[in-house]
2 protein chains.
Amino acid sequence: MSPRPDLGPKPRLGYTASSIDRAAERRADAAALAALENDARSRSYVIGGELVVLRKATPVHDPLFTLAEARALGRSAELVFLGFLDGAARFALALDPSTAEGFKTREEFIVTDLRSIAIRGLVDADHLPPVAEGKALLHWHARHRFCSNCGAPTNLVEGGWRRDCPSCKGQHFPRTDPVVIMLPVAGERCVLGRSHRFQAGMWSCLAGFIEPGESIEDAVRRETREEVGIVCGRVAYFATQPWPFPTSLMIGCHAEARSEEIIIDRGELDDARWFDREEVAAMLLRRHPDGLTTPPSVAIAYHIIRAWVEDEVEP
Amino acid sequence: MSPRPDLGPKPRLGYTASSIDRAAERRADAAALAALENDARSRSYVIGGELVVLRKATPVHDPLFTLAEARALGRSAELVFLGFLDGAARFALALDPSTAEGFKTREEFIVTDLRSIAIRGLVDADHLPPVAEGKALLHWHARHRFCSNCGAPTNLVEGGWRRDCPSCKGQHFPRTDPVVIMLPVAGERCVLGRSHRFQAGMWSCLAGFIEPGESIEDAVRRETREEVGIVCGRVAYFATQPWPFPTSLMIGCHAEARSEEIIIDRGELDDARWFDREEVAAMLLRRHPDGLTTPPSVAIAYHIIRAWVEDEVEP
């Protein structure tokens, strides 16, 4: 085996290690939530579809608004209660996406998507987990204003953690979609793929939604066989990352590849091939001679790939 | 540490290790699916809400019907394509639940819930994963016949793997809810709890839904603190189990308990306390002097608890 490459200090995985206290027991207390909405210490993130509104500041921008400020920005939809941070309540407000889009030209704001905010470090990293929580929750509301059971309009209750149907009395809870994201490995080599929507030169892990009736391990094996034709044996869990694009939970794994030939599903992937450890190390370090890279370190794929390169996993 | 107890051979975890080929690439081919519906080799499971219809047989009952037989049973709703097994297509048909209920008195059928079928071994264990797949999928259809985005009735497409809205053009995919199920441990002791709905004497792991913006590890720590007031540190992934009651994915973990005092959330739990390894071994073996037990081995809780008793995990 090649000597273990020196990849430097390990960066933090984005959107994880939330220090928010979700205070789930408060959600059912509508009066207490209303009081928190009017509490001067309370703050809200402002999210318009894929866009997050930040107030320009140095060295990082400020994603927090008082609730009065947030509501004054324009037409808004749901307000959801995220929990407590530093003793004060945190909310997320759904601003009309076109209003958020319009703020892109305003001097006092930075308005961009959460991926860019995370990758470019536009806000303190501690804001990423609660913004991820708010974005996922607000996206769910935006797509679930009607009852899937009977078609009637539903109402937000419990601080945004449930929607109730006044017609059929159905209760609906926020949705989180489990996704497997995996690196098939065999000795000194691993398989990376390129999705059609990737920027030029970027290669990453394979990924796919876990289906009803499927374990994590079975989903890893099925998706790997479907996307690249590789048969996998053992599967080792690595870590998870909330991924609010829009409402996924990325479940990272390493998988033992038991076959060699790659047969690409061109509907899913632009390309896929075997890489050796040394080449992948250069990609992680952004020193690949052809400019090939892995995803950035805010994404779990970077950490899954790096853990294998550093020889810290054995599926 | 006490000597490792002998718990005998390890039973199989229910609903896992599916040998079905889901053949996802066939789902979009409506003509091919229609041909499979008419293929004499095709078979269907018949599920009416929580009930599964079996044909009486020895030594185990038969859950498979030809599609003509299945449709002749009575008023049915969705038919979903599960994949291929032994070279033939497998489907699951949603029978009207009251019709299924009525079959309980019919001599030729055994009609009961899937939990009982699994625990009592009423069918060959290989049927459990596809029945779980079908039950979860059909439950999703039953609760999602309307568009959550606009309220219009939606149509089943792709063999049951998507519903499309003719009005807003929204596409809706089957839902799987990730749930953490965990055993907090500290040295020779672990924490078990009792839900209000448990049968007398049964104790199990703690569990709860993963929320938007949360990793598996964070959800384990939050739920353990909420339900029993215990602070957890390290979390070790153990295994997953599809749990079609109705559409969960159980993600089993062991957690390092860093505090001792138990504060029970009585809204969630009937009771919770520390158990030592020896007592839990007796519960697994069903030899506890007071008749206390763990859940049966079809459930992942049994395997999470057993792995700790057998000293095979270290969170």
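The values are calculated or read from the model by the stated rules, or taken from the named source; none is laboratory data. Here the structure is a predicted model, which means the values were calculated and not measured. Note that we place each Cβ from the backbone using ideal geometry, even for glycine, and neighbour counts take in every protein chain shown. What goes into the accessible areas is simple: the full protein's heavy atoms, side chains included, and nothing from ligands, DNA or RNA. Shrake-Rupley method; radii C 1.70, N 1.55, O 1.52, S 1.80 Å.
Numbers at a glance
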read-out	value
Rounded Å value of the spacing that divides the Cα centres of region B:190-217 and region B:291-315	13
Projected label distance in nm at A:Arg115 and B:Ala125, using a 7 Å step from Cα toward the beta-carbon	4.4
For region A:100-142: rounded, prolate or oblate by the Cα gyration tensor [a/c cutoff 1.5]	oblate
Leading residue at positive end of dipole, chain B (Cβ point charges), from B:Ser204, B:Val52, B:Gly233	B:Val52
Cα principal axis extents for region B:1-157, largest first, Å	61, 40, 35
7 Å along Cα→Cβ, label-point gaps from A:Pro9 to other copies, nm, shortest first	5.4
In region B:166-210, trypsin sites (Lys or Arg not before Pro) in a DSSP loop with at most 11 other beta-carbon atoms within 10 Å	B:Lys169, B:Arg197
Nitroxide proxy distance, nm - points 7 Å out along Cα→Cβ at B:Ala32 and A:Ala40	6.7
Average beta carbon contacts from partner chains per residue of A:144-153, 10 Å cutoff	6
Highest-MSF residue in chain B out of B:Leu36, B:Leu206, B:Leu67 [GNM, Cα springs under 10 Å]	B:Leu36
Between A and B, accessible area buried - total, square angstrom, nearest 100, 1.4 angstrom probe	3800
Rg over Rh [alpha-carbon atoms, Kirkwood Rh] for region A:51-139	0.92
Volume per residue that the Cα convex hull of chain B spans, once the total is divided by residue count, Å³	162
Free-standing Cys residues across the protein assembly as shown, given no other cysteine C-beta under 4.7 angstrom	A:Cys190, A:Cys205, A:Cys232, A:Cys253, B:Cys190, B:Cys205, B:Cys232, B:Cys253
Cβ-derived FRET efficiency at R0 41 Å, A:Asp96 paired with B:Asp86, nearest 0.05	0.15
Contour minus Cα-Cα distance for A:Lys169 and A:Ala142 (0.36 nm per residue)	7.7 nm
Cα centroid of region A:242-284 to Cα centroid of region B:1-44, whole Å	25
Region A:147-282, accessible surface, carbon-and-sulfur percent (1.4 angstrom probe)	48
Förster radius 22 Å - calculated FRET efficiency between A:Gln199 and A:Thr58, Cβ distance, rounded to 0.05	0.20
Cα gyration tensor shape for region A:198-315, rounded if a/c is under 1.5, else prolate or oblate	rounded
Global geometry of region A:269-315, whether rounded, prolate or oblate, following the gyration tensor of its Cα atoms and the 1.5 cut on a/c	rounded
Volume per residue of the C-alpha convex hull in the protein assembly as shown, rounded to whole Å³	181
Residues in region B:185-223 that, when all protein chains are in place, have 10 Å² or more less accessible area than the chain alone would give (probe 1.4 Å)	B:Ile210, B:Glu211, B:Pro212, B:Gly213, B:Glu214, B:Ser215, B:Ile216, B:Glu217, B:Asp218, B:Arg222
Cβ crowding within 10 Å averaged over residues, with B:150-158, B:215-223 ranked highest first	B:215-223, B:150-158
Cα→Cβ-extended label distance, 7 Å offset, between A:Asp21 and A:Arg106, nm	3.3
Neighbour-limited loop hits for trypsin sites (Lys or Arg not before Pro), region B:237-315 (at most 13 other Cβ within 10 Å; DSSP other than H, G, I, E, B)	B:Arg258, B:Arg266, B:Arg286, B:Arg287
For region B:239-247, Karplus couplings with θ = phi - 60° (6.51, -1.76, 1.60), whole Hz, Gly/Pro x	5, 10, 9, x, 9, x, 10, x, 9
Peptide-level mean, for B:173-179, of C-beta atoms on other protein chains within 10 Å	6
Those aspartates and glutamates that a straight Cα-Cα span of less than 12 Å connects to A:Lys10, excepting residues fewer than 8 apart in one chain	A:Glu310
Solvent-accessible area per residue for the protein assembly as shown (1.4 angstrom probe, square angstrom)	41
